[in-house]
Amino acid sequence: MVNITINGNAIQVPSGTTVLRAAEQAGITIPTLCDHPDLHPFGGCRLCVVEVQGARLPMASCTLPVNEGMVVTTESPALTKSRRTILELLMSNYYDSGYKDGQKETTQFMRWVKHYGISVKKAQAPAPRYPVNSDPNPVIWVDMNKCILCTRCVRACAEIQGRFVWSQGGRGFNTRIVAGAETTMLEARCETCGACVAFCPTGALDNRLSMGAGKPSTVVTTTCAYCGVGCQIDLNVKDNHIIRVTSNPDASVNGMAMCVKGRYGYDYVHHPERLSKPQVRRYLLKGEPKPKASAGANPGENSDPLWDWVETDWDTALRITAEKIAQARDQHGADSVGVLTSAKCTNEVNYLMNKFTRQVVGTNNIDHCARL
Ligand code: SF4
Ligand code: SF4
Ligand code: FES
């Protein structure tokens, strides 16, 4: 353990901890942009500079390891001036085209810009340098006029998703973030997982499906229903509609990572054809015999109105299902019944279906879709 002092507070942290993480543990906030706890430190933006007793110049706390007896100051008039200058320099390369219909920016970058009292109108670049919406990716919006070269997208894609889509191209003032050898994201083997969007602190990378949707009125943490991994996801809800899905670094299973289905496959929730109530064939509801299919009809097709699907309540649907399974078992034997479960179900549900199939129905005919 190493003893250090930050803003007059004596703190003990394991050796190898950075000053930034030590300050966080002590509840002290240091402004950051290129840093993220899930990514390797980069030390590029310099917003996290702190004063260290005995050091000639302010130092970047996100890459500075603690030393025994270190005395650190995180706030001073000189540091405020430094951070303002850094933000103004970043703003001089930043251009917001206003395509979000005046929606107030809520990005990490804008929060610090406002915190240090910088006027966006005065400080931002006079004109865009790149085309807005420069990549045809169907769900990710790219506007490199808002990029501050923090490389969080580069590191997220490489370190979390392992796809290495993004890198830095050009030199000096022309340095820019490029996909592959300056091609499109998909041509550079992007899987559209959205990790780069989740880590981008400026909105240079954004969710195309959520553009202009505004702020959510509530955020609901839930479990993704697409597969058995059970990623935790945050549904951003407005007017009873999901407007975007975000990830949370504290999620125990997946942290900030998600796949394309969990992050972008949510429009089915509000689809008008989505089944949200149980349905049964009309003849079952009426207790009538199964109508005969007309000659030449395809399997499953029948013009008889008794063949129509009708909505019912869960108790009725489950009663009919149970009666039909019991009838098939009693008339044709247990092996006439087969059960298909789903990788979307939890382990507990699949365990219960296994018990139900083998012990209640009495057959080993059970399978599920995880081999897809
Ligand atoms: S969406 Fe995922 S795979 Fe595609 S560039 Fe971003 S992090 Fe990489
Ligand atoms: S696109 Fe976003 S995450 Fe990537 S370097 Fe630019 S500002 Fe950083
Ligand atoms: S957050 Fe430390 S240099 Fe960017």
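The values are calculated or read from the model by the stated rules, or taken from the named source; none is laboratory data. Predicted model, so just to flag it, every value in this text is computed and none were measured. Backbone-built Cβ (ideal geometry, glycine too); neighbour counts: all protein chains shown.
Give me the pairs: first residue in the stretch 165-194 and under 19 Å from Met258 (Cα atoms), second residue of a type outside the set (A, V, I, L, M, F, W, C) and not in a loop (DSSP other than H, G, I, E, B), beta-carbon distance under 8 Å, and six or more apart or on different chains, which are they? Between residues of the stretch 165-194 that are under 19 Å from Met258 (Cα atoms) and residues that are of a type outside the set (A, V, I, L, M, F, W, C) and not in a loop (DSSP other than H, G, I, E, B), the close pairs are Glu191/Gln161; Thr192/Tyr264; Cys193/Gln161; Cys193/Arg263; Gly194/Asn207; Gly194/Arg263; Gly194/Tyr264.
Could you grab me the full set of residues in the stretch 144-163 that are among the charged types (D, E, K, R) and within 9 Å of ligand 2 (Cβ to nearest atom)? Full working, then the answer.
Restricting attention to the stretch 144-163, the residues satisfying the condition of being among the charged types (D, E, K, R) are 146, 152, 155, 159, 163.
Lys146, Arg152, Arg155, listed by residue number.
Filtering the stretch 233-254 to residues that are more than 16 Å from Asp206 (Cβ to Cβ), touching a strand residue (DSSP E or B) at 6+ places or on another chain (Cβ under 9 Å) and charged (D, E, K, R) leaves Asp234, Lys238, Asp250. As an exercise: evaluate Glu311 against (1) in contact with a strand residue (DSSP E or B) (Cβ under 6 Å, 6 or more places away or on another chain); (2) charged (D, E, K, R); (3) over 27 Å from Glu273 (Cβ atoms) and give the number of the one condition it does not meet. Just one mismatch for Glu311, condition (3).
Listed here are the residues, each with its yes/no results for (1) outside the structural domain of Arg281 (by TED's automatic domain parsing); (2) in contact with a Ser or Thr (Cβ under 9 Å, 6 or more places away or on another chain); (3) modelled with pLDDT of 95 or more.
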position: Val337; (1), (2), (3): yes, yes, yes
position: Ser342; (1), (2), (3): yes, no, no
position: Val349; (1), (2), (3): yes, yes, no
position: Gln359; (1), (2), (3): yes, no, yes
position: Asn365; (1), (2), (3): yes, yes, yes
position: Ala370; (1), (2), (3): yes, yes, no
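If the condition is being surrounded by fewer than 16 Cβ atoms within 10 Å (Cβ to Cβ) and either touching a residue at least 24 places away in the same chain (Cβ under 8 Å) or among the aliphatic types (A, V, I, L, M) (or both), then the stretch 231-247 contributes Val237, Lys238, His241.
Counting the residues of the stretch 262-289 that are surrounded by fewer than 18 Cβ atoms within 10 Å (Cβ to Cβ), among the small types (Gly, Ala, Ser) and within 29 Å of Gly230 (Cβ to Cβ) gives 2. For residues in the stretch 336-372 being within 17 Å of Cys227 (Cβ to Cβ) and basic (Lys, Arg), which is farthest from the chain's Cα centre (by Cα)? The residue in question is Arg371.
Scanning the stretch 169-203 for residues that are within 16 Å of ligand 2 (Cβ to nearest atom), under 18 Å from Tyr264 (Cα atoms) and modelled with pLDDT of 95 or more returns Met185, Cys190, Thr192, Cys193, Gly194, Ala195, Cys196, Val197, Ala198, Phe199, Cys200.
Answer yes or no as to whether Ile160 is hydrophobic (A, V, I, L, M, F, W, C) and more than 8 Å from ligand 1 (Cβ to nearest atom). Write out each step before concluding.
Working: hydrophobic (A, V, I, L, M, F, W, C): yes; more than 8 Å from ligand 1 (Cβ to nearest atom): no.
No.
To keep it simple, each residue is scored yes or no on (1) loosely packed, with under 13 Cβ neighbours inside 10 Å; (2) in contact with a Lys or Arg (Cβ under 9 Å, 6 or more places away or on another chain).
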| residue | (1), (2) |
| --- | --- |
| Thr32 | no, no |
| Pro37 | no, yes |
| Arg46 | no, yes |
| Leu64 | no, no |
| Thr73 | no, no |
| Pro77 | yes, no |
| Lys81 | yes, no |
| Ile86 | no, yes |
| Lys114 | no, no |
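Looking at the stretch 92-100, is at least one residue within 25 Å of Arg129 (Cα to Cα), within 12 Å of ligand 3 (Cβ to nearest atom) and not charged (D, E, K, R)?
Taking the stretch 92-100 as the starting set, the residues that turn out to be within 25 Å of Arg129 (Cα to Cα) are 92-100.
Okay, now just the ones that are also within 12 Å of ligand 3 (Cβ to nearest atom), so none.
Checking the stretch 92-100: not a single residue is within 25 Å of Arg129 (Cα to Cα), within 12 Å of ligand 3 (Cβ to nearest atom) and not charged (D, E, K, R).
Is it the case that some residue within the stretch 225-248 is hydroxyl-bearing (Ser, Thr, Tyr), modelled with pLDDT under 95, more than 30 Å from Leu186 (Cβ to Cβ) and part of a loop (DSSP other than H, G, I, E, B)? The answer is no; no qualifying residue exists.
Thr223 satisfies every condition listed in (1) surrounded by 17 or more Cβ atoms within 10 Å (Cβ to Cβ); (2) assigned by TED's automatic domain parsing to the domain that holds Asp267 except (1).
Check Cys48, Cys62 and return the single one that is under 23 Å from Ala123 (Cα atoms), touching a Cys at 6+ places or on another chain (Cβ under 8 Å) and touching a residue at least 12 places away in the same chain (Cβ under 8 Å). First the steps, then the outcome.
Details: Cys62 fails: under 23 Å from Ala123 (Cα atoms).
Exactly one of Cys48, Cys62 is under 23 Å from Ala123 (Cα atoms), touching a Cys at 6+ places or on another chain (Cβ under 8 Å) and touching a residue at least 12 places away in the same chain (Cβ under 8 Å), namely Cys48.
Quick check, is Lys122 more than 16 Å from ligand 2 (Cβ to nearest atom) and under 22 Å from Ala198 (Cα atoms)?
Values: more than 16 Å from ligand 2 (Cβ to nearest atom): yes; under 22 Å from Ala198 (Cα atoms): no.
In short, no.
Provide a single number: the residues in the stretch 126-145 that are in contact with a Ser or Thr (Cβ under 7 Å, 6 or more places away or on another chain) and either within 16 Å of Arg263 (Cβ to Cβ) or hydrophobic (A, V, I, L, M, F, W, C) (or both). Counting residues in the stretch 126-145 that are in contact with a Ser or Thr (Cβ under 7 Å, 6 or more places away or on another chain) and either within 16 Å of Arg263 (Cβ to Cβ) or hydrophobic (A, V, I, L, M, F, W, C) (or both) gives 6.
The number of residues in the stretch 66-95 that are under 16 Å from Gly44 (Cα atoms) and in the same structural domain as Pro31 (by TED's automatic domain parsing) comes to 0. It is to be established whether one or more residues within the stretch 193-210 are aromatic (Phe, Trp, Tyr), assigned to a helix (DSSP H, G or I) and more than 16 Å from ligand 3 (Cβ to nearest atom). Scanning the stretch 193-210 turns up no residue that is aromatic (Phe, Trp, Tyr), assigned to a helix (DSSP H, G or I) and more than 16 Å from ligand 3 (Cβ to nearest atom).
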